[in-house]
Amino acid sequence: MTGWDHVTDFLVVGSGAGVVGAVRARALGKDVLVVEKTDRFGGSTCMSGGVMWLPHNPLMRREGVSDSFDEALRYFETVVGDAGPASSDARRRAYLRAGVEMVDFLESEGVEFRRCEGYSDYYSGVRGCEGGSARGRSIEAKAFDKNRLGPWGDRIRLGFSGGLTVYTGEAGPMMLMRTRIGLAVLARVGMRTALGRIRRRRLVTNGAALTARLLQVLLRQGADVWLESALADLVVEDGRVVGAALRQNGREVRVRTRDGVLLAAGGFARNAEMREEYGGGRPTSATWTSANPGDTGEVIRIAMARGAATDMLDEAWWMPSWMMPDGTPAMCLSERSKPGAIVVDAQGRRYFNEAVAYQEAGQQMYAHELESGGAVPSWLVVDSRHRGHYPFGMSPPGRTPTEWITSGAMKRADTLEELARRCGIDAGGLLKTVERFNRFAETGVDEDFHRGEGDHEKYYGDVTHSPNPCLGLVSKSPYYAVALYPGDIGTSGGILCDEFARVLDTEGAPIAGLYATGNCTASVMGRKYLGAGASIAASAVFGYIAADHATSLTRP
């Protein structure tokens, strides 16, 4: 072992949901080291909603929510279809089976979860898609007090909910702030937040709660966790990965591993060069992403240099976004689904169902851009009724920051013709589109794109609005518009793995001692996003699977 600075059984590179693999390996009695290249623990998971999409999970069973593996497999088949080896039948089955075991295991380690009731699968109720759950298959970590982490409480990456102790599963109804439903949820969130502050608790929810709870278990287990320690290379002997070289405080640190290395370090959303290289000629920019600052892709490059195969490098977890006055991308989620909103191209034409799930929306934007042009950017157009009833970004109903208008980030005009001029949209095309759309709004049937039929679309619509919770007239002046770009919350293509999370080489054989999970891999979800937390769940589950395999506890 000459030349090694540290020896461990299992090395996990990255501190997002993939650290479930570290928790599992440590529980099985193995020495574990987790390394994170930034000065904060949690990765993109910590910045996310922290939800995990896990069919037939123990929480569903305890609450009597009907589900089965067969239903989940049918959902995979009818939504994802044949997406290649990353979403093979073996990987799908491994994901579904191990997901149930993983939740039982994490709960036994003290991680507390809650169901996201009503947060439906993204393709539930959509034409041609079967096996989806309207009640939802997603779970999330319960609120967590960072004081319980001691000094590590300040090393958790900041989440997205600011000072509010709000669950991701509450986000949909909370957007209806002027309804009885929305006010009830808002009051509950406000009370929870206020009580936490009164009691001097540093409560976090969403992805911050999940990663904080996983870190708590790791620290209690006695696992080693190193921040500011970046992967520089993998060490290979006789065709097997036996360790890694890290960059730490300006020097190289060599780590020997007895059982394996798990790569769980995210994708390349922040790497402009890789985005251009693998983007297929589509317009792209690293400034459009909301992924964490460490999402720079070098781990994928290192694995490729060691012979790893890759797939779907052109894919990402797309999230249509508009640019704030300071250049920060703002994710556009519920705004697209509410009555009184449409998305049009430069010719003023609708070209897709605005209320579809975010990855699908980004894919539609790119498909239309390649086919017809004028979709990057597209324009989200809303009327004053929409602006008066629903939040927009972080702004509450009825309050539009002056800076949004004066900076040009948001356009405002008294007529649709003037709005079109300010946005560079064909005015005749926009007027014709709005006239047709308003007829759909009156009947409640979107004859062009079926908006409002899917359960997820209704979730982010306005349940108090009829006849369709997602369709409303675009008719009340003044009108507003923002330019929409195909932003993302991380890439979803990368290293190709088998059902045991083993990294495969370009000949299809496993690379001994090397495992991978999360956004540095080609997703088991293929080119779809099946439900809230599909990416985080897959990262956690295949981390769990990798730990079992690396420690010779492979299932028959």
Exposure proxy order (Cβ contacts within 10 Å, fewest to most) of Met365, Met312: Met312, Met365
The range 247-265 versus the range 477-501: alpha-carbon centroid distance in Å: 29 Å
With Cα atoms, 0 to 90° folded angle of helix 69-79 axis to the chain main axis: 60 degrees
Rounded Å value of the spacing that divides the Cα centres of the range 1-75 and the range 360-399: 34 Å
DSSP bridge orientation in the chain - percent antiparallel, rounded to nearest 5: 70 percent
Nearby aspartates and glutamates by direct alpha-carbon distance to Lys338 (threshold 15 angstrom, same-chain neighbours under 8 apart not counted): Glu354, Asp383, Glu442, Asp446, Glu453, Asp455, Glu457, Asp462
Computed helical MRE - 222 nm, the chain, DSSP H runs ≥ 4 contributing -39500 (n - 2.57), nearest 500: -9500 deg cm²/dmol
Nearest-ten-degree value, helix 534-550 long axis tilted from longest Cα axis of the chain: 10 degrees
Degrees, to the nearest 10: 89-108 long Cα axis against longest axis of the chain: 80 degrees
Computed magnitude of the charge dipole of the chain (debye, nearest 20; Cβ of K, R +1, Cβ of D, E -1): 2080 debye
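A short reminder: the numbers here are calculations on the coordinates, not readings from a lab. This one's a predicted model, so the numbers in the text were calculated from it and none came from an experiment. Don't worry about glycine lacking a Cβ; one is built from the backbone with ideal geometry, like all the others, and counts go over all protein chains shown.
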